[in-house]
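The values are calculated or read from the model by the stated rules, or taken from the named source; none is laboratory data. As the structure is a computational prediction, the values presented were derived from the model and not from experiment. Don't worry about glycine lacking a Cβ; one is built from the backbone with ideal geometry, like all the others, and counts go over all protein chains shown. Areas reflect the complete protein model, heavy atoms only, side chains present, ligands, DNA and RNA absent. Shrake-Rupley method; radii C 1.70, N 1.55, O 1.52, S 1.80 Å.
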Amino acid sequence: MGSAGRWVLRSVGWLLAAVVILGLGVAMALQIRGALERERDFHAAPPCASVPVKASGCLWKQDFTVKTAAMHRGERGRSPEAELLLPSGKPWRVTFLRTEPVMSEMDQGDKVTGLIWHGEAVEVQDTGGRRQQTSDGPVGWPEDRLGGALACLSFGLTALAGGLWPLLVRGNRRHAKAAAVVRWHGVGLGATAILTLWAQGANDWPMWAIPAIWGPLALLLLASLAAFTLAALRGDLDDDTPPPPPSRPGMPAGSR
């Protein structure tokens with residue numbers, strides 16, 4: 001396959017990735033409002049006056065005994081999970097997004113307290129007072145959706161532009177290089193959004209910190225994208241190394 005064919009395949013691959021990631025980003029963006037409303041409802045929920053007999057919007061603290069706890073470290077696609085026992089002996093399985101700070105310390109026979117909301121255990125607290133959300137917990141989901149949407153949409157849009165560009169201007173090496181610049185800056189935009197989300201979660205910053213931090217960084221990356229794209233179109237990124245001089249007849253190449 002020639003270089004032109006490889007450029008086409010590479011562009012098609014970027015286009016396919018862009019479409020998938022853009023779809024994921026749009027889905028995350030549409031979930032932000034619902035996640036915010038669910039988190040507000042949770043914080044405003046009153047304590048239950050008695051044990052709820054059905055799923056209820058009030059908060060109930062339920063005592064459990066740990067039966068099993070599995071970290072699933074190194075197992076792709078499997079979340080940390082624990083099987084808890086009610087005082088009646090009925091099992092209740094919960095999963096977690098991560099192992100810290102409570103899940104990693106769970107052992108068989110330990111006593112924990114679960115916070116029940118709408119029929120789900122949304123939080124687990126150990127005897128030392130440490131708390132950890134389960135996978136069903138509503139706190140933090142708006143931030144996760146916002147950070148994920150920024151990462152996917154910024155990468156998806158630049159990957160789409162960088163994938164279409166070489167197909168529209170085929171055979172032009174400078175345009176192909178400019179398109180590559182756009183694509184890889186898109187990777188940087190997406191990675192920066194993920195790192196910003198990680199920093200926000202690790203430091204427990206408010207949700208507005210995500211766009212406040214990512215916005216200026218994104219502007220710097222976009223300025224870099226524009227500068228390097230123009231340089232590629234002007235030919236400043238071309239390989240200007242002169243070819244080696246032809247060897248004389250009867251003389252080995254490179255000899256004098």
- Item | Subset tally (residues that are over 18 Å from GLU143 (Cα atoms) and among the β-branched types (Val, Ile, Thr)) for segment 190-232 | 1
- Item | Near pairs, Cβ below 9 angstrom, 6+ apart or cross-chain, from segment 109-134 (at positive phi and at pLDDT 90 or above) to any residue that is in a strand (DSSP E or B) and surrounded by fewer than 16 Cβ atoms within 10 Å (Cβ to Cβ) | GLY109/THR65
- Does LEU97 qualify as being under 19 Å from the mean Cα position of the chain (by Cα), closer than 20 Å to PRO138 by Cα and open to solvent by 90 Å² or more (accessible area, probe 1.4 Å)? yes
- What is the one condition in (1) within 21 Å of TRP141 (Cβ to Cβ); (2) within 25 Å of the chain's Cα centre (by Cα); (3) surrounded by fewer than 12 Cβ atoms within 10 Å (Cβ to Cβ); (4) in contact (Cβ under 8 Å) with a residue 12 or more places away in the chain that GLU81 does not satisfy? (3)
- Message: Among the listed residues LEU24, LEU9, identify the single one that is open to solvent by 60 Å² or more (accessible area, probe 1.4 Å), closer than 30 Å to VAL182 by Cα, at pLDDT 90 or above and not basic (Lys, Arg).
- Response: LEU24
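Just to confirm my filter: which helices (runs of 4 or more DSSP H) fall fully inside segment 130-242 and include at least 1 residues that are within 22 Å of VAL26 (Cβ to Cβ), open to solvent by less than 60 Å² (accessible area, probe 1.4 Å) and hydroxyl-bearing (Ser, Thr, Tyr)? Full working, then the answer.
Numbers: elements: 141-168, 173-203, 209-234.
In segment 130-242, 141-168, 173-203 are the helices (runs of 4 or more DSSP H) which contain 1 or more residues that are within 22 Å of VAL26 (Cβ to Cβ), open to solvent by less than 60 Å² (accessible area, probe 1.4 Å) and hydroxyl-bearing (Ser, Thr, Tyr).
Kindly indicate whether SER50 is of a type in the set (Gly, Ala, Ser), modelled with pLDDT under 95 and surrounded by 12 or more Cβ atoms within 10 Å (Cβ to Cβ). So that I can check it myself, show each step before the final result.
On the way: of a type in the set (Gly, Ala, Ser): yes; modelled with pLDDT under 95: yes; surrounded by 12 or more Cβ atoms within 10 Å (Cβ to Cβ): no.
So SER50 does not fit the description; no.
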- Message: Which numbered condition in (1) under 21 Å from VAL102 (Cβ atoms); (2) of a type outside the set (Ser, Thr, Tyr); (3) outside any helix (DSSP H, G or I); (4) open to solvent by 70 Å² or more (accessible area, probe 1.4 Å) is the only one that GLN62 fails?
- Response: (4)
